[in-house]
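Chemist: This is the structure I want to talk about, given as structure tokens.
The values are calculated or read from the model by the stated rules, or taken from the named source; none is laboratory data. Computed from a prediction, not measured in an experiment: that's the story for all the values here. Neighbour counts are summed over all protein chains in view; Cβ atoms, including those assigned to glycine, are modelled from backbone coordinates with ideal geometry.
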Amino acid sequence: MPDYLRLAPLFAPSSVAVVGERDRISPASPACMALAGLLAAGYRGGVHAVNPAAGVGGGRMPELVPFAGAEELPDGVELAVLCLPRERLAAELELLDRRGVRAAVALASGPPDQGRRGFFSERELTRAAVDAGILLLGPDSLGLINTSSDIHIGFPAARPAKGGVSFFSQSGAMCACVLEQAAGLGLGFAKFVSLGGKALLGEADMLRALGDDPETTVILGYCESVENGEDFRTAARQAAAKKPVLLLKAGVTRAGARAVSAHMGLAAGSAAAFHAAFRQSGVIEVRETAELLSLARMFATQPMPSGPGLAVVTNAGGPGILAADACAEIGLLTLPRPGSATLERLSRALPGIASLYNPVDVLGDAGADRYEAALSALAADPQVASLLVLLAPTAAARPLETARAVIRVAREDNPGGKPFAACLLGGESMRAGRRALLEAGIPCYDFPEEAVAALSALCGHGEVPPPGLCEVPASGGENGAGPVDGCGAPWDDEALSIVESARGLGLGELCGVEALEAAHAAGLPVLSTGLARTSWEAARLADDMGYPVSLRLALRDAGPEAVPADDAARFARLADAADVRRAFAELTNRAARELPDAPALGCLVQAAAPETAFELSVGFVREAPFGPLVFFRMAGMGDVASGDATDAGDEAARRLAPLSPADARAMLREMRFYPLLRGACGGEAASLPALERLLLGVSRLAVRAPQLAGALFSPVFAGPRQARVAGARLALR
């Protein structure tokens, strides 16, 4: 059954019962207000009142005979609106279940419970709803609107116009804000949902239902927290494959996350994890309310463009320049030179001093006819995929006439149905033109940058990326780990044994040769490494590996940061056994003098990295509620195993595991140093396929080893033929 039909008792019930408190029967009581709002919206299904007095208000209210309790309701009531204290909700659901009620909205009834009491209270309410088989929205919901069935519960002052946009929000205040602002923008809604405390129905349920809803063309949402990351990602991916999904995530800073926790009693989740979840699900992430509504206007009214080519028509140079700068900064739209046929039409229609090259400047004395001619010529140009009209308030400007000209071209002279947007700069003089454009379904913005950002989002909205896989292609080769046993190779018993042994000893972290052994067993390409406890053992290991080799200190109960930084460079390419013995003696003797609290186990002998290799870091951390977050960056940028990798300030590419091959490629390409990996500036290129295989291998490790809280593989040496792990730290859960 489609999810929208599953929620039909909530969105389109055949009858509604409003349940209030016996001692609150005034017109201002929540139950009476809910009844009045439902009837004022024109709802024509059955309406029943439980407890609130009859005869309060007007219209159909006098016809309602109140029932003393839910047990007196007739059979067949589909939706109950609960205006009750939170402590009475669970018991009321049991009564409603006996009458066959299928859905309930628990409206806000005071500040939510916090801490331990709130946790157990909500868990009891969830259990009661599940046991009763009732679809529960709330508690602490502000209400629900479905304009197609005239369902209007809560939101007493708002009557949104019908449209194709649907919105859900965890915050009731955000619902009220969006509803009021949208009215001034001419934005109509299909569904409008306040999730409240999400005891049963949350963001994932709304995404599935609205993705199936034939009346919804664009989905908007405001999120503060998500309880089940995997379910949310699946639902978001399914919805985004059918229609645009635009989400605003609150709590993306540390201060915001603390505010979410204080307000809702829930963890907000890291910004990096949410950014990755949205990107990998095909969701368009927005950063502020104004942007959410700005993009909603574009997606709700305009078709998808066939390409990045944007034509800008302006009557002033400054706004055109700002639009061009915005295109270059965002990087998704281009300003193609008009074709020869278009230039010929423009030259005939515009004055000789007009600029015909995109942006097209029709000059300050342009009237509506000049705009219409220019737009008609550009709309026919095959290189143009979308059009932007800029109108500055000059003495000759005629906003309303120009708006009507834009509407005529968009509707009647627009081959291929290309998207249009407008920007009418100015104040009161532009009001009539803006209103005409909005009523005609052409989004109109206050500033060129805002219009370009909305058109860029429309252009950038493409296919939903494929889901990731927990497998990794075979890798291996010279001086490295052996090949993984094909895609779908099982988690190696040896690697699992290493991790479990460390956990059995009570260790919180594995580093050094043990961590590299576990990485090797898991199929990652590790440089040949051995632990030497004497200088002669170090020389023998080096002879077996082949020269050159590197040497670094192995310390007990200390991470690699305890080793002097210059050692890595001094002992990176030792050429013979004598050099190895001398380096071993120097490192261990100095450690005995300078690091008495971290006794040396010996030295790690390792095959030397290529001289021209890049030094990188790869790893993952587990991020609630989504699971492993894989990262990639230059080496030496923080401690991922301890969580620093999720800080939005560092330079890293991140995706949630499991990665797809497309995810791995995108992580490499979005880094600022990607051109260097490709061999820019005359340098030697790194093997991109090898790095992609490494990222997929780390993803597979993260998925298949839940015992690990995180991992840091650094340095990773990426050369022209291979990428090899030289250091590893594994954080145990």
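Chemist: Out of all the residues in region 413-438, which are without any contact (Cβ under 8 Å) to a residue 40 or more places away in the chain, under 27 Å from GLN383 (Cα atoms) and in contact with a Leu (Cβ under 6 Å, 6 or more places away or on another chain)?
Modeler: Passing the criteria: ALA422, LEU424.
Chemist: Taking the options ALA236, ALA240, ALA199, name whichever one is of a type in the set (Gly, Ala, Ser) and closer than 25 Å to LEU38 by Cα.
Modeler: ALA199
Chemist: Are any of the residues in region 342-350 of a type outside the set (A, V, I, L, M), surrounded by 23 or more Cβ atoms within 10 Å (Cβ to Cβ) and at pLDDT 95 or above? Walk me through how you get there before you give the answer.
Modeler: Applying the first criterion (of a type outside the set (A, V, I, L, M)) to region 342-350 yields 342, 344-345, 347-348.
Those still in the list that are surrounded by 23 or more Cβ atoms within 10 Å (Cβ to Cβ) too: 342.
Okay, now just the ones that are also at pLDDT 95 or above, so 342.
Yes.
Chemist: Then there is this: Do any residues in region 164-192 that are basic (Lys, Arg) have Cβ atoms under 9 Å from those of residues that are assigned to a strand (DSSP E or B), where the two are at least six apart or on different chains, and which pairs are they?
Modeler: LYS191/LEU144; LYS191/ILE145; LYS191/ASN146; LYS191/VAL165; LYS191/SER166; LYS191/PHE167; LYS191/PHE168
Chemist: Follow-up question, since we're still on this one. Restricting to region 344-389, name every residue that is touching a strand residue (DSSP E or B) at 6+ places or on another chain (Cβ under 9 Å), hydroxyl-bearing (Ser, Thr, Tyr) and farther than 26 Å from THR301 by Cα.
Modeler: Correct list: SER355 only.
Chemist: Among the residues of region 592-606, which ones are surrounded by 22 or more Cβ atoms within 10 Å (Cβ to Cβ) and more than 15 Å from CYS511 (Cβ to Cβ)?
Modeler: Selection gives VAL605 alone.
Chemist: Of the residues LEU708, LEU676, which is surrounded by fewer than 19 Cβ atoms within 10 Å (Cβ to Cβ) and either more than 27 Å from GLU611 (Cα to Cα) or in contact (Cβ under 8 Å) with a residue 24 or more places away in the chain (or both)?
Modeler: LEU676
Chemist: Hey, another quick one. Can you tell me which residues in region 678-733 are more than 13 Å from ALA518 (Cα to Cα) and assigned to a strand (DSSP E or B)?
Modeler: ALA709, GLY710, SER714, PRO715, VAL716, PHE717, ALA718, ALA723, ARG724
Chemist: Could you check how many residues of region 679-715 are of a type in the set (A, V, I, L, M, F, W, C), touching a helix residue (DSSP H, G or I) at 6+ places or on another chain (Cβ under 7 Å) and either over 19 Å from PRO628 (Cα atoms) or outside the structural domain of ALA657 (by TED's automatic domain parsing) (or both)?
Modeler: Here the count works out to 3.
Chemist: Sticking with this one: Consider region 288-337. How many of its residues are part of a helix (DSSP H, G or I) and either hydroxyl-bearing (Ser, Thr, Tyr) or touching a Gly at 6+ places or on another chain (Cβ under 7 Å) (or both)?
Modeler: The qualifying residues number 4.
Chemist: When only residues in region 206-256 that are under 22 Å from LEU458 (Cα atoms) and among the acidic types (Asp, Glu) count, which is surrounded by the most Cβ atoms within 10 Å (Cβ to Cβ)?
Modeler: ASP213
Chemist: Could you tell me whether ALA273 is within 30 Å of ARG411 (Cα to Cα), assigned by TED's automatic domain parsing to the domain that holds GLY211 and either at pLDDT below 95 or crowded, with 18+ Cβ neighbours inside 10 Å (or both)?
Modeler: In short, no.
Chemist: Could you go through region 29-50 and let me know if any residue there is more than 30 Å from SER166 (Cβ to Cβ) and modelled with pLDDT under 95.
Modeler: Within region 29-50, none of the residues are more than 30 Å from SER166 (Cβ to Cβ) and modelled with pLDDT under 95.
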